[in-house]
Amino acid sequence: MAGVSTDSGDTLSLNLMPMLDIFSILITFLLMSYSTDPVSYDVNNGVELPESITLSTLDEIPTIKVTKTDIIINDKKIAGIVGGDVDEASRSQGAIFPVFQELQKMAEATKRTLAGKMSEIDKARLSTLTMEMDQGHNFKLMKRIMLAAQQAEYITFKLMVARQGE
Amino acid sequence: MSKKKRTKKIKYRDIELNIMPFIDVFSLLNTFLLMSAVFLSVGILEVQIPFLTSAPPDKKADERVLDIKVDMEKTKVEVTAAYNKPPINEQKREFKVDKADMPNMHKFLVDLRRANPEADKVQLFTEDDVIWKDISMVLDTIKVRAPSDPVVVPAGASELQKKLAAEFLFPKVVMASVILR
């Protein structure tokens, strides 16, 4: 028990046991919920992920974030979303042209960096995109983004979901 | 001299345990854990989209294989399984897009996979107005192997295929609606 002395010489004792109890419970809870996933990532504030029972964990930070109002690629706003779709000026053949341009730039930069020393795993990774998308968006928007990505030679998508029961 | 019965007096002393270092360690541990805590565990659902390739056609193109198609609308999902060559043996089932009917769809897919271990691909066709929340629910139903489901490994499977079979019911899901207009 910790104590302090007052000017008059009295000793006041402070009972630390309740605090220790709280600390112990808190530490137990935090240790139990401690994540050992390979990537620790905080979901964007503007995104509500759908729940899933998948066991596959996130292995890279998402490249494309589709919030309720914006499409963001590598932390750069590429297009705005109004009424669940992008504006008509950004559309081209059903895809989103600015998204295609940005992804193409990204793909070319990666190819330049890995030129000549690409393994099969690197090649597969080159054609894979991780996407974080709000659960309320419809397939029309998702399709536009996927089409733009397809034109930039990305054919595999890792779609982020919130794992249930975790 | 009279014998006096001697009684031993046990002296108790107040011993104070210094718990301050203990509290210090707890505080630091607490701070670290709170800072690094991730309260939402994020997972992924992997899908593919169709693409054009100049690669030579697959040798298996002549084989009789089962094509599984899932047509998703806002309120219903239709699963069609048919062979690409006669006899086609088409099987068709319709399900509602809700959590209550998804186990039935999963069971139908498990039966299909069990009867056709080689068929590891599903083509998902989705209407434009279906929301991502519902798509993810259907993807879960198609892809994720429940603990009670059998592990279906095709004959002559590689190590990778065995690993995928242990985790997924159908490892390959192609979002077949993603095509240029």
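The values are calculated or read from the model by the stated rules, or taken from the named source; none is laboratory data. All figures in this text were calculated on a predicted structure; none of them were measured in a lab. Cβ coordinates were reconstructed from backbone atoms using ideal geometry, including for glycine residues, and neighbour counts include every protein chain displayed. Side chains are part of the model used for accessible areas, which takes the heavy atoms of the whole protein and leaves out ligands, DNA and RNA. Shrake-Rupley method; radii C 1.70, N 1.55, O 1.52, S 1.80 Å.
Take residue B:95 and tell me if it is assigned to a helix (DSSP H, G or I), among the aromatic types (Phe, Trp, Tyr) and more than 14 Å from every other protein chain (Cβ to nearest Cβ). Taking the combined requirement at face value, the residue does not satisfy it. For the range B:24-49: of the residues being at the interface with chain A (Cβ under 7 Å from one of its Cβ atoms) and assigned to a helix (DSSP H, G or I), which is farthest from residue A:41 (Cα to Cα)? Filtering first and then ranking leaves B:26.
Screening residue A:120 on (1) open to solvent by 90 Å² or more (accessible area, probe 1.4 Å); (2) of a type in the set (D, E, K, R); (3) at pLDDT 85 or above shows it passes everything except condition (3).
From the list B:120, B:149, B:129, B:134, the lone residue that is in contact (Cβ under 8 Å) with a residue 60 or more places away in the chain and either of a type in the set (D, E, K, R) or touching a Cys at 6+ places or on another chain (Cβ under 9 Å) (or both) is B:134. In this structure, residue B:150 does not qualify as on the phi < 0 side of the Ramachandran plot, touching an Asp or Glu at 6+ places or on another chain (Cβ under 6 Å) and open to solvent by less than 50 Å² (accessible area, probe 1.4 Å). Would you call residue A:141 in contact with a Gly (Cβ under 7 Å, 6 or more places away or on another chain) and either of a type in the set (Val, Ile, Thr) or at pLDDT 90 or above (or both)? Spelling it out, residue A:141 is indeed in contact with a Gly (Cβ under 7 Å, 6 or more places away or on another chain) and either of a type in the set (Val, Ile, Thr) or at pLDDT 90 or above (or both).
Checked against (1) away from every other protein chain (no Cβ under 14 Å); (2) modelled with pLDDT under 90; (3) surrounded by 15 or more Cβ atoms within 10 Å (Cβ to Cβ), residue A:73 passes all but a single condition, namely (2). When residue A:61 is tested against the conditions (1) more than 7 Å from chain B (Cβ to nearest Cβ); (2) surrounded by fewer than 16 Cβ atoms within 10 Å (Cβ to Cβ); (3) over 22 Å from residue B:140 (Cα atoms), the lone failure is (3).
Yes or no, residue by residue, for (1) open to solvent by 20 Å² or more (accessible area, probe 1.4 Å); (2) farther than 26 Å from residue A:132 by Cα; (3) part of a loop (DSSP other than H, G, I, E, B):
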{"site": "B:81", "(1), (2), (3)": "no, yes, no"}
{"site": "B:110", "(1), (2), (3)": "no, yes, no"}
{"site": "B:128", "(1), (2), (3)": "yes, no, yes"}
{"site": "B:136", "(1), (2), (3)": "no, no, no"}
{"site": "B:139", "(1), (2), (3)": "no, no, no"}
{"site": "B:178", "(1), (2), (3)": "no, no, yes"}
